[in-house]
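K.L.:
Mind looking over this structure? Questions follow.
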Amino acid sequence: MPYQIIVCGGLAPDPLQTLEPVNGAASPGLKNEMMLPGVLDPWASHALYEAANLARQHPGSTVRLVSLAPKAKLQQVLMTVAQKLPFELVALDGPNNGFSDANETGKALGEAIAKIELPMENVLVFGGWESATRGSGVVMQIVAERLGIGDVFLAVDEIKVEEGGSFLVKERVEGGKHMVSRCAAAPAVLAWATGNLAEPPNHPQTGMANMRVIMPSLQKATPTAVGTGMAFASASLPKQVRETRIVKDTPAGEIAREIAEWLKQ
Amino acid sequence: MAATTSPSMPMPTLKTIPGDEIRQLLWRFEDRYDLAMLVQSVRAVARGPVARLVASGGRLSHDWTPEKDALLPEYDAAGITAAYMSPEEGGFIEGPKNFAMALIAFELAWVDAGAATCSLAQHLALSPIHERGTPEQQQRYMSLAAPAPGRKTFRGAFCLTEPIPYVGVETGMLGGKARVAYWPTEEELAAGKEPILEVSKRGRFITNMGFANFVTAAVDTGDERIKSSCMVILEETDEGTYDRGTPTKKLVHQLSSTSDPVFNMKVPASRIIGGYRIEAGKVVPNHDHSSVIEAVFRRTRVGVGLMTSSKLLSAIEPLIRYHRDRFRGSGAVTPGTPRFELGLQQKQDVTHRLLEIWAAGEASASLGFATARLFDELDPLEKTKTAILAAHGIGGGMAEFKALKKRQVEAIEFLDMQDHLESLRPKARYQALAEDTVVQYVILDATANVLCPATKLWNTGYGSHMMREAVSLMGGYGITEDCPGFLSFKWMDTQLEATYEGPEAVQRRQMSVTMTNPVFLAQFRNWIHEMRQVASHDPGTGACTLASAMKLWIWTLDHLQLAKDANGAKLYQSNRQGVTFPMADALCWLLASRAQILDVERLAAEGPNNPALEDGLDGTVQFLRDLCHMQAARAAGEVARICTELVYGYLSHPSWSEPGCGACLSQNDLVSVEALVPGASGFSDETVGEGGVHETKAGPCAVHPGLNDFAKLRAKLEACMTGFQLAKDRAGDSLTKVMIPAALDYPQ
Ligand SMILES: Cc1cc2nc3c(=O)[nH]c(=O)nc-3n(C[C@H](O)[C@H](O)[C@H](O)COP(=O)(O)OP(=O)(O)OC[C@H]3O[C@@H](n4cnc5c(N)ncnc54)[C@H](O)[C@@H]3O)c2cc1C
């Protein structure tokens, strides 16, 4: 059965950049955030690769990326992402960072998806189980709620479609284990962990084909206000913990044992 | 956005290292998403597999290893190989590809110029076919060379250079020969059978030879039945010897394959690039080898120049990081102290030298990309021009040269009008010339003929000096294999960029001719006004300094073309490289600085349209303007030095024994003069002491009233340097504040 796969994905600053929280007038932000190069949020990226993979296995499927982000930044990021696999774009031009409100973001995404007016019986909504900026882990549930989709899976690592249209979903649970569920049919929301797929290589030819539809959608990005909905007392980087001990003549096995002990503490 | 050099105004500083958005605006491709994607795709290969191979010691062997070979499919997959082809041939970029090729070279060389050369050599091999090949040759080789699933990509090498004493700088001295191996009978000829050529050629230092499936080789005629030299295509499966030769023990660009091949093969005459005719029982190639390589090099040399620019710019981030972090981690240096936070950046010399590297990188990149864009403009014009001339029965060679020369008058007329205010231009005439393809071609061609060798010469030559500076700023770390950013490899590599595709002497030689083309000089005069105009609204760019230096240069060129040396020999002539070559060098400084200023002007004008840049645009523009100012002053200094050396250096110094020297006043004469008119003795330069003894020096000081204009221009230029050190201090301040990423993004 062909699927209509919708992937929700925002942007995150390139992880190699120096990320320094600063307190702005309205809400905190990252120092020079707009000037820093961005990437498609890594969790959403996994979801997108899985979506493309599923679409390949089910001819006739389409993949749409729904993204709430500053339009100009999104355009730069698409120069890489659009080369990796074929997809269409629904762009919402609005703020996207670690301090924008998850609830408002989920609402905006849900409304944008609803507006596409797809027949719900073959819709799968993908996204990351959290984002590299906010990490609240709730946006996809809010999107599901908005769309009235009851089957929501979190920290997904695999989807396997069975004959007849049901599918198995593997979700991460504690202790490195997975929980496997069977879902009778679409629609469903899958918020992905890392999945199992490597990042597809760049392929400018795919990019060129994508861009012919993506650029006009980007030009038409809907301006979207996202209220903060909350107040921040302060923002700071997590403290770096560095414990160094210089040892001589200690066997490697002994060092490994000590590190393992320390990790268990 | 206007800047001044007033020291009292608080100026915004650079917040982050300029990213892709800034670069796209500076180099004018913000609307070309095909190119923006190409950049990302090439970058991923450069900073991924290429960087990993360099880091794991892949460069430490002369041989073409399996690891190096494994990079070729990476280039194919990333679109690097196909970028040269048109969509019909299997590529994905429409229109001219010079700028796209320039971006590829830039991105690969950011990590390793050998990788860039490997990709460039493939395009170099195809370039003779692309530029001058017959439609059938273009169809066959461009398509075979475009990667496609299920078949091996056909790869090529370009073989011109030969073992000593044959072709090197002197590209006419070919030892390789084409002879007729079989001449068909009349009937066979009538039935379309072709003459078979025997091609023998030895190559020296030929890139891609370790794996090339075909070679485009330059050979002379070795047979009276072949009219001239030509370039031929040899395939590895052709009959005869296709010996790849021993790998060159090169010390640089180790991720490319270089060897000294030997060919002795039989091929049909249809392998002559551009085709041939049979006239009076002879094979007459449609293009001799010189005209083919001229068309090839004038395009591919730009990419080589940009390799060095890229390396200079790539050195900035690792150097800032090294300097900042230099003392961190020592118990004695605690966070929050200047020594901890700034490290070596506390020392002014460190920041100033880094700024000079940065400014050189910006200027050379601006020059290179401007040249690449110019060729993209020129390519379609060139085709239309050829068609127009052909319609008038003019089919290349001398006839074309003469026809184009005739149009120079109109080209100059157009340029003169362009220099006037729009309201003062004769509209209809101006419009007519603006729409005349041949006239516009003459203008662009004259400019390209200077900009291309200037890019190759200055970017690689001065770039290699600055790359050495970069290495030295990293201390001992700089000359280790572990140096972040592979700076020492990059430094060594620059010497090859300065050498292959024609070493510096070749570029200087070409410029010494093309820069005296009256069309170019008319263009150049307009550029002086252009720089003054920029200066009038943005005084902080150094554009005025540059305009003064341009004026000094053109005055000097005019002077040298007429002047003679002390022995009465003409100064500006082709075999007087001591005069012509330095003038070419001086011009390069001016062109690079101009290109840099124009790019920053564009950023200032267009940047506000991109909301993503809102936060830091002011500081970025200010910083880049300060770099422009530094570079303009440096260029002005070089030009002043070179011009002064040439204008005065060929005159003979007066000596005490010259006849006119009897006119020197004695000490007693001076006392009498002083008694009559107090202060008047000061107007006399030279005196003789008791017993006719002169001052202890070489002779009377040289005075050249005929050169007063030069002296005035030079004095003005020196005063124009006002403020540039302030710009440098300000940029240095930015350097200590700019935020850099937490770690270098390669190897990934
Ligand atoms: C790694 C590598 C890869 C190469 N790849 C290729 C390739 O793929 N295909 C190819 O065909 N070639 C290739 N070359 C050859 C390269 O293009 C030549 O080495 C270069 O053009 C210079 O020729 P030469 O070495 O014979 O120098 P020479 O001709 O011996 O010149 C040496 C020096 O003498 C001076 N000089 C010579 N002539 C003049 C003059 N007329 N006026 C003033 N000064 C002069 C200059 O300073 C010049 O640098 C490669 C070379 C190297 C090292």
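K.L.:
Could you work out how much longer the chain between B:H537 and B:E294 gets when fully extended? Use 0.36 nm per residue separation minus the Cα distance between them, nm to one decimal.
P.N.:
Going from the current span to full extension adds 83.4 nm.
K.L.:
Where the only charges are on Cβ atoms (+1 Lys, Arg; -1 Asp, Glu), what is the dipole of the stretch A:4-235 about its Cα centre, to the nearest 20 debye?
P.N.:
Charge dipole, the stretch A:4-235, about its Cα centre: 400 debye, nearest 20.
K.L.:
Rounded to the nearest 0.05, what FRET efficiency do A:A225 and B:E606 give with R0 = 30 Å and r taken as the Cβ-Cβ distance? Could you check?
P.N.:
After rounding to 0.05, the efficiency reads 0.65.
K.L.:
Gap in Å between the Cα centre of the stretch B:387-438 and the Cα centre of the stretch A:91-149?
P.N.:
Spelled out, the Cα-based centre of one part sits 60 Å from the other.
K.L.:
Relative to a virtual label point 7 Å from the Cα of B:Y477 in the Cα→beta-carbon direction, which members of the stretch B:713-741 show backbone nitrogen distances below 15 Å?
P.N.:
B:740-741
K.L.:
Another question, if that's okay. Cross-link partners among lysines for A:K84, C-alpha distance below 26 Å, same-chain residues fewer than 8 apart left out?
P.N.:
Partners within reach: A:K71, A:K73, A:K160, A:K170, A:K220, B:K68, B:K97, B:K152.
K.L.:
Another question about this same structure. Going by alpha carbons, how many degrees (0 to 90, nearest 10) lie between the helix axis of B:667-676 and the longest principal axis of chain B?
P.N.:
60 degrees
K.L.:
To continue, here is another question. What whole number of Å gives the distance from the Cα centroid of the stretch B:136-205 to the Cα centroid of the stretch B:520-578?
P.N.:
For the stretch B:520-578 versus the stretch B:136-205, the Cα centre distance is 44 Å.
K.L.:
Would you order B:F375, B:F211 from fewest to most other beta-carbon atoms within 10 Å of each residue's own beta-carbon?
P.N.:
On the way: B:F375 22, B:F211 16.
Ordered by Cβ neighbours within 10 Å, fewest first: B:F211, B:F375.
K.L.:
Next question. Taking the Cα centre of the protein assembly as shown as the origin, how large is its charge dipole in debye, to the nearest 20, when only Lys and Arg (+1) and Asp and Glu (-1) carry charge on their Cβ atoms?
P.N.:
In debye, rounded to 20, the protein assembly as shown gives about 400.
K.L.:
Rounded to the nearest 10 degrees, what's the angle between the helix A:204-219 long axis and the longest principal axis of chain A, both from Cα atoms, 0 to 90?
P.N.:
The angle comes out near 70 degrees.
K.L.:
Just to verify a number: FRET efficiency for A:E145 and B:A391, C-beta to C-beta distance, R0 = 60 Å, to 0.05?
P.N.:
Step by step, r from the Cβ atoms, then E = 0.25.
K.L.:
Restricting to the protein assembly as shown, compute how many DSSP beta bridges are antiparallel as a %, nearest 5.
P.N.:
DSSP beta bridges in the protein assembly as shown are roughly 60 percent antiparallel.
K.L.:
If you count the DSSP beta bridges with both ends in the stretch A:1-125, what percent of them are antiparallel, to the nearest 5?
P.N.:
30 percent
K.L.:
Quick one: work out the % antiparallel among DSSP beta bridges in chain B, nearest 5.
P.N.:
Of the beta bridges lying entirely in chain B, close to 75 percent run antiparallel.
K.L.:
Take the eigenvalues of the Cα gyration tensor for the stretch A:4-235, scale each by 5, and report the square roots as semi-axes in whole Å, largest first.
P.N.:
27, 21, 17
K.L.:
Right, another one. What number comes out for the charge environment of B:V639, summing +1 per Lys or Arg and -1 per Asp or Glu over other residues with Cβ under 14 Å away?
P.N.:
+2
K.L.:
What is the sum of charges, Lys and Arg at +1 and Asp and Glu at -1, for the other residues whose Cβ falls under 15 Å from the Cβ of A:T133?
P.N.:
In short, -4.
K.L.:
Working out 0.36 nm times the residue gap between B:S61 and B:L665, then minus their Cα-Cα distance, what length gain in nm do you get to one decimal?
P.N.:
Length difference between fully extended and current span is 210.1 nm.
K.L.:
Spin-label point model (7 Å from Cα, Cβ direction): what's the B:E186 to B:Q725 distance in nm?
P.N.:
Placing both labels 7 Å beyond Cα along the Cβ direction yields 8.6 nm.
K.L.:
For the Cα atoms of chain A, what angle does the longest principal axis make with the long axis of helix A:42-57, in degrees from 0 to 90, nearest 10?
P.N.:
Taking Cα atoms only, the helix is inclined about 40 degrees.
K.L.:
If each DSSP helix of 4+ residues adds -39,500 (n - 2.57) and the sum is divided by the residues in chain B, what number results at 222 nm, nearest 500 deg cm²/dmol?
P.N.:
-17000 deg cm²/dmol
K.L.:
At 7 Å along Cα-to-Cβ for each site, give me the label-to-label distance between A:S234 and B:N567 in nm.
P.N.:
8.1 nm
K.L.:
Please work out the FRET efficiency for the pair B:E94 and B:S672, using the Cβ-Cβ distance as r and a Förster radius of 51 Å; give the result to the nearest 0.05.
P.N.:
So the FRET efficiency works out to roughly 0.05.
K.L.:
A further question on this structure: Would you mind counting up the charge near B:P335? Only other residues with Cβ under 9 Å from its Cβ, with Lys and Arg at +1 and Asp and Glu at -1.
P.N.:
0
K.L.:
If you don't mind, there's one more thing I want to ask. Taking Cα centroids, how far is the stretch B:36-88 from the stretch B:215-262 in Å?
P.N.:
For the stretch B:36-88 versus the stretch B:215-262, the Cα centre distance is 24 Å.
K.L.:
Additional query: Stretch B:L421-B:N708 to full length: gain in nm at 0.36 nm per residue minus the Cα-Cα span?
P.N.:
100.2 nm
K.L.:
Count neighbours as other Cβ atoms within 10 Å of each site's Cβ, and list the trypsin sites (Lys or Arg not before Pro) in the stretch A:197-261 that are DSSP loop with at most 14 such neighbours.
P.N.:
A:K220, A:K239, A:R242, A:R245, A:K248
K.L.:
Same structure again: Measuring from label point to label point, each 7 Å out along Cα→Cβ, what is the B:K152 to B:H465 span in nm?
P.N.:
4.7 nm
K.L.:
Considering the alpha-carbon set of the protein assembly as shown alone, what are its Rg and its Dmax in angstrom?
P.N.:
33.2, 122
Quick note: the coordinates plus some simple rules give every number you see, no bench work behind them. A quick note: this is a predicted structure, and the numbers were derived from the prediction, not measured. Ideal geometry is used to build each Cβ from the backbone, glycine not excepted, and the neighbour counts take in all protein chains shown.
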